[in-house]
Amino acid sequence: MSFPDGFLWGGAIAANQTEGAWNVDGKGPSVADVAMYRPKLDPKDYAAHHAVSTASIEAALADPDGTYYPKRRGIDFYHRYPEDLALFAELGLKVLRVSIAWTRLYPTGEETEPNEAGIAYYQALFTEMRRLGIEPLVTLSHYESPVALSVKYNGWADRRVVELFTRFTLTCFERFGSLVNRWLTFNEIDSVMRHPFTSAGIIPENCPDGVQAACYAALHHQYLASAIATEQCHRLIPGSQVGCMLTKLTTYPRTCAPEDVAATQHKNLDNLWFGDVHVFGEYPRLMLADIARKGVTLPIEPGDEDILRSHPVDFVSFSYYQSSTESVDPDAERTPGNTILGVKNPYLPSSEWGWQIDAVGFRISLIELYDRYRKPLFVVENGIGAIDQVTEQGEIHDPYRIAYFREHFTQMKQAVDEGVELLGYTSWGTIDLISASSSQITKRYGFIHVDQDDLGAGTGARRRKDSFWWYQKVIATNGEEL
Ligand code: BG6
């Protein structure tokens, strides 16, 4: 068993969770910059987790301090990227997944010309990555829509945002095309249904037909934008590849009672349908029936279906953190996962945040996705959020992180051996960063520690954890030494 030559071992981060410098060099505010620090919120209460209103946005933008808006400071990657990239190169990364903050190029989303300071920053970033031999894998939208578009149009619920976004993507391909060959369109596009503001800039109080209808409208608009961006990319950058990005939420039946199995089947389809649109270029019949049953009409206009059909993605990328189970028993014990609440699986351990650790589920997911789509896969997020301790000597011993990755890599290797075509793997949060859901930094994912606490105190110094040396060896041996 072995990974193919040229397997892309890497890391993944996102602009809104690392760059900071939220209002520097002409950058405008994005939805992430008004996301409040919520460490103590009950993780089972996702509605409160993603609560947002016009008033809360106004209050956030008027806050002169920003202590409680950690994504505004990130880990200061904007200024420290040369040091961080040098560490990534030392780690041996072949690829680094980053995103481009839309509001660094188009501060409100509506300008007709891009902000040249933003262009210069990303050109410098990608040039340095190339110099170090690290290939950029770039996400065009990772929870970074302009706040101005939320206020004015209710975000992606409004079709006009498609044109504004594809103006931004065109700029990206024109200005960064000589440095970036592989692109992802929307991070976890399915998450529009779980956190509408973060993923689609939707403010619930501004949805006259209900939040659910606004979410489906936003989803359709993102599919269109994704297909249009795919066309632009292929036209402007010969030989380029575009992938979709999905949250893989693998669910098992809690028991083998047929009712549990049927409920589980629906749950899994309701996750897979989102990928189907990108790959097959059309909404699956079952998904359309499901949406209709909910009383929602998709805002499909003449010509839309042609656009979706004409520009499917080249590869399928996804995140995988945990599995969960499903049951029709209303009293079944539940536990959180990545913005979901699943039924607890008694056979699995959990992270400190209750996410159930399931390496075999990773293999199951790889096989399921490859068999369904027959397109190359790319794992672009996987990892464990944990509390790390720094010893007096400044060391970070994180055997739990090494164990998590070792088990997942073993299963990934087996999936490749069983025939799955896998382009690469980027661990999530290769360096500690701000959590998407809670805005904590103390939920640490990295191989590299950042000396910073949740409220921003600390030197910002970077330190290699034990797992750094372990992952370095894994990459150096192309996954042979786990
Ligand atoms: C993924 C997101 O869903 O999960 C990332 O794409 C996020 O942005 C990651 O950081 C982990 O979630 P969290 O809430 O622990 O940061």
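The values are calculated or read from the model by the stated rules, or taken from the named source; none is laboratory data. Keep in mind that this is a model prediction, so the values were computed, not measured. Don't worry about glycine lacking a Cβ; one is built from the backbone with ideal geometry, like all the others, and counts go over all protein chains shown.
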Practice item. Identify, from the list Pro336, Pro302, Pro312, the residue that is surrounded by fewer than 18 Cβ atoms within 10 Å (Cβ to Cβ) and not charged (D, E, K, R). Key: Pro302
Point to revise | Given (1) within 16 Å of the ligand (Cβ to nearest atom); (2) touching a strand residue (DSSP E or B) at 6+ places or on another chain (Cβ under 6 Å); (3) under 18 Å from Arg159 (Cα atoms); (4) part of a helix (DSSP H, G or I), index of the condition Gly275 fails | key: (3)
**Study point:** Arg374 more than 18 Å from the chain's Cα centre (by Cα) and surrounded by 22 or more Cβ atoms within 10 Å (Cβ to Cβ)
**Key:** no
Study note, to complete from the structure: Restricted to segment 344-371 and to residues being among the small types (Gly, Ala, Ser) and either buried (at least 17 other Cβ atoms within 10 Å of the Cβ) or within 19 Å of Asn187 (Cα to Cα) (or both), the residue nearest to the chain's Cα centre (by Cα) is Ser365
Practice item. Give just the number: which of (1) part of a loop (DSSP other than H, G, I, E, B); (2) away from the ligand (no atom under 16 Å from the Cβ) does Ile307 not satisfy? Key: (1)
**Study point:** Restricting segment 229-259 to residues that are β-branched (Val, Ile, Thr) and under 26 Å from Lys344 (Cα atoms), the residue that is farthest from the ligand (Cβ to nearest atom)
**Key:** Thr255
Review point. Within the set of pairs 6 or more residues apart or between chains, which connect a residue that is in contact (Cβ under 8 Å) with a residue 60 or more places away in the chain inside segment 81-93 to a residue that is small (Gly, Ala, Ser) and in a helix (DSSP H, G or I) with Cβ atoms less than 9 Å apart?
Key: Gly92/Ala476
Revision key, fill the gap. Note: among Lys40, Lys71, just one is assigned to a helix (DSSP H, G or I), basic (Lys, Arg) and within 15 Å of the ligand (Cβ to nearest atom), namely Lys71
Review point. Given the conditions (1) out of contact with any Gly (no Cβ under 9 Å at 6 or more places or on another chain); (2) not in a helix (DSSP H, G or I), and given that Leu246 satisfies all but one, which numbered condition is not satisfied?
Key: (1)
Review point. Can you tell me which residues in segment 173-214 are outside any loop (DSSP other than H, G, I, E, B) and either of a type in the set (Ser, Thr, Tyr) or free of Cβ contacts under 8 Å to residues at least 40 places away in the same chain (or both)?
Key: Thr185, Ser191, Val192, Met193, Thr198, Ser199, Val211
Exercise for review: Would you be able to tell me the number of residues in segment 323-351 that are within 24 Å of Tyr400 (Cα to Cα) and away from the ligand (no atom under 16 Å from the Cβ)?
Suggested key: 9
**Study point:** Positions within segment 82-109 being part of a helix (DSSP H, G or I), surrounded by fewer than 19 Cβ atoms within 10 Å (Cβ to Cβ) and not aliphatic (A, V, I, L, M), in sequence order
**Key:** Pro82, Glu83, Glu90
Study note, to complete from the structure: In the set Gly20, Gly6, Gly11, Gly26, the lone residue that is at pLDDT 95 or above, within 16 Å of the ligand (Cβ to nearest atom) and part of a loop (DSSP other than H, G, I, E, B) is Gly20
Check your understanding: Which of the residues that make up segment 320-362 are assigned to a strand (DSSP E or B) and under 25 Å from Ala12 (Cβ atoms)?
Key -> Ser324, Thr335, Pro336, Leu341, Gly342, Ser350, Gln356
Practice item. Kindly indicate whether any position in segment 409-430 is in a strand (DSSP E or B), within 15 Å of the chain's Cα centre (by Cα) and within 10 Å of the ligand (Cβ to nearest atom). Key: yes
Check your understanding: Do you know which residues across segment 431-474 are more than 16 Å from the ligand (Cβ to nearest atom), touching a residue at least 60 places away in the same chain (Cβ under 8 Å) and hydroxyl-bearing (Ser, Thr, Tyr)?
Key -> Ser467, Tyr471
Review point. List the pairs whose first member sits in segment 374-393 and is within 17 Å of Asp466 (Cβ to Cβ), whose second member is among the aliphatic types (A, V, I, L, M), and whose Cβ atoms are under 6 Å apart, counting only residues at least 6 apart or on separate chains?
Key: Asp388/Ile396; Val390/Ile396
Exercise for review: Among the candidates Thr112, Thr67, single out the residue that is exposed (fewer than 14 other Cβ atoms within 10 Å of the Cβ), among the polar types (S, T, N, Q) and more than 19 Å from Asn23 (Cβ to Cβ).
Suggested key: Thr112
